[in-house]
Structures are given as C-alpha cells and as structure tokens.
Amino acid sequence: MEIDVDERVGRAYFGRGLVDHELAELNAGVIDTARLQRDLMSLSPSLLATQFPPIGLTSSIPNAAVCLEDMALTLGEAEYALRQAMLALHVFRNHNPVEPMAVSMAKFYVSDLAMRLYAAGEHAAAAILDILGRSEKELEREKQISRQSKVAAFLKREMATHPLTTIGRILGECPEFFSTLDFRAKLTHHQPPTVAGIGMVHRRQASRWKRKEEKSAKGTTVWQLRVGGGDPPETTVDQILRNAERGFSCFCEYAELLVDHYFEVLRSHGIELERAKSET
C-alpha cells in the first residue's frame, strides 16, 4: 500500500491552522518516495521467476524485487516521519509555542525515522545478496554486526569495481547517514542522547563522584559531588533532525540507483520494464 504524505497529512494531524505557503516550505526539499514505491510494487516476483532457472546464481534475482519493495515501503514510512518531525518543530515553535512539546514531538518522529532508515538499509542489503546470488553464510567472516555493514565490507573486499560497490559509496561518503544510524544504536542499545529543550537531563554514569586534580591540605584525594542542576545535554533535536534529513536524502539517492541497477539486471535477462514517471 502506497503511503500518502502530501500536505493534508500535516494539516490534519496537528490542526494548527497552517497556511499553504507554510506547508509548501516545510515539504520543499523532502524527497518523495512514491515513484520508487510504484516502480517496485508493480513487479511480480513469481512472473519474474519464469525467466530464471529454479537453481543457480541467478535463481534468487526475482526475490530481490520483494526485498527492494520492502526497502521502498520502509523508506516511505521514514519520509512520513521526517515530514512530521519538521512539522512538529514548526507548529510548536510558531503557532502554539511550547518548546518542550516541539522538542519531544520532533524527537519522537526523528527516532522513528532513524529506525526505519536502518531497516531500509537491511532490506537493501538483502536485495543485493539476491541480485548477486550470494547467501548470508558467505558473510560469516565479516566482523560487522548488521547485514548492511557486512554486505558493504564484502563488496569492498571481493567486488571493488562492481557497480553495486560504486553505488554504495553514496552512503559511505554521507556522514549524516552514519550519524543517524549511530543515533538509532544509542536509542536501542545505550542511553538515548540527552537533548536540550525538555528540561533537566542526566547522563548515565557509573559514579556521580568526580575526582579533583588537586589534593587536600593533608595530601589526600578530594572527591566532589554536584547535587542538582542535571547534566549538560549532548545535542539538540535540530541537529539530530538535520543529520536525519541529510541521511534520508543520501539513502534515497542510493535507493534510486540500486533500483536502476536492478532494472538493468532484469533487462540483461530479457525483461524490459520502464520506471514510473515522477508526478509533477
């Protein structure tokens, strides 16, 4: 099912009386993933399979269409989250100014975006394995944890000149993409980054006591404990959102080229298909 993320979503969700030019400005620059979704949802893996043998290196190519569709749908959900994060900041800073609400709502959506961007990368990596006729077992020697990291390392080492390796450099050269994945990892496995604008925050610390450099008059170690005031926040929701927006754009560019490559692979096997046209 294609996800509709047009201006009506923003107007209906928050209902704060935004005018058309505000919505247009908020949506400008956010990549629309609808065409990518249409391209892939039109493919039938069963029909594609009629052009490939039941076993062998190329037998998994039709299944890549399913993985790419999963990628595109997840990317569409990430797009929705991005638009809502931007909208939350705008509404709760300009129409109904409540900074803690602006920060918490935007952080909610950008956290969702980060998780879906990671998931889209995992789906893309699964598609690459199917396109190449490779198995997860062949990645066992890679030390990375995620499938996408393992596939990237495998391509770089074993297939340095392959088009898929070249396409992957778009993400490899996008620090904001990795910052967004790092944000997701902290959300999941560590303490979520503390953010300014929502009140007092505290960092996880094994001990709240701090050793002072100078000694006491008796030459003993001096320990200091600060009570009250919280800890300085690590970042702002604006910075997290800027990274996520750029990381999303990089991934969209990567996804477009990955799908282009897939259509070329299909064409090389006698399957002629046209990409959907962009809606103006």
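The values are calculated or read from the model by the stated rules, or taken from the named source; none is laboratory data. Note that this is a predicted model, so its numbers are computed, not measured. All Cβ positions, even for glycine, are placed from backbone atoms using ideal geometry, and neighbour counts span all protein chains on display.
Out of all the residues in the range 136-145, is one or more surrounded by 17 or more Cβ atoms within 10 Å (Cβ to Cβ) and touching a residue at least 24 places away in the same chain (Cβ under 8 Å)? Checked the range 136-145: no residue is surrounded by 17 or more Cβ atoms within 10 Å (Cβ to Cβ) and touching a residue at least 24 places away in the same chain (Cβ under 8 Å). A search for C-beta distances below 6 Å between a residue of the range 195-211 that is small (Gly, Ala, Ser) and any residue that is at pLDDT 85 or above, counting only pairs 6+ apart in sequence or on different chains, returns Ala196/Pro233; Ala196/Thr236; Gly197/Glu99; Gly197/Val103.
In summary, Gly197 fulfils each of the numbered conditions (1) under 26 Å from Glu79 (Cβ atoms); (2) buried (at least 20 other Cβ atoms within 10 Å of the Cβ); (3) touching an Asp or Glu at 6+ places or on another chain (Cβ under 8 Å); (4) at pLDDT below 95 with the single exception of condition (2).
Considered as a group, the residues in the range 236-280 that are surrounded by fewer than 14 Cβ atoms within 10 Å (Cβ to Cβ) and either touching a Gly at 6+ places or on another chain (Cβ under 8 Å) or among the hydroxyl-bearing types (Ser, Thr, Tyr) (or both) include one that is nearest to Thr58 (Cα to Cα), and that residue is Ser268.
Look at the range 71-99 and say how many of its residues are at pLDDT 95 or above and more than 18 Å from Gly29 (Cα to Cα). Number of matching residues: 4. In the range 109-132 there is no residue matching the filter, namely being in a helix (DSSP H, G or I), more than 18 Å from Leu257 (Cα to Cα) and without any contact (Cβ under 8 Å) to a residue 12 or more places away in the chain.
What is the residue count in the range 159-174 for residues that are out of contact with any helix residue (DSSP H, G or I) (no Cβ under 8 Å at 6 or more places or on another chain) and assigned to a helix (DSSP H, G or I)?
Residues in the range 159-174 being out of contact with any helix residue (DSSP H, G or I) (no Cβ under 8 Å at 6 or more places or on another chain) and assigned to a helix (DSSP H, G or I): 2 in total.
Condition check: β-branched (Val, Ile, Thr) and touching a Ser or Thr at 6+ places or on another chain (Cβ under 6 Å). Does Val201 satisfy that? Yes; evaluated as a whole, the condition is true for this residue.
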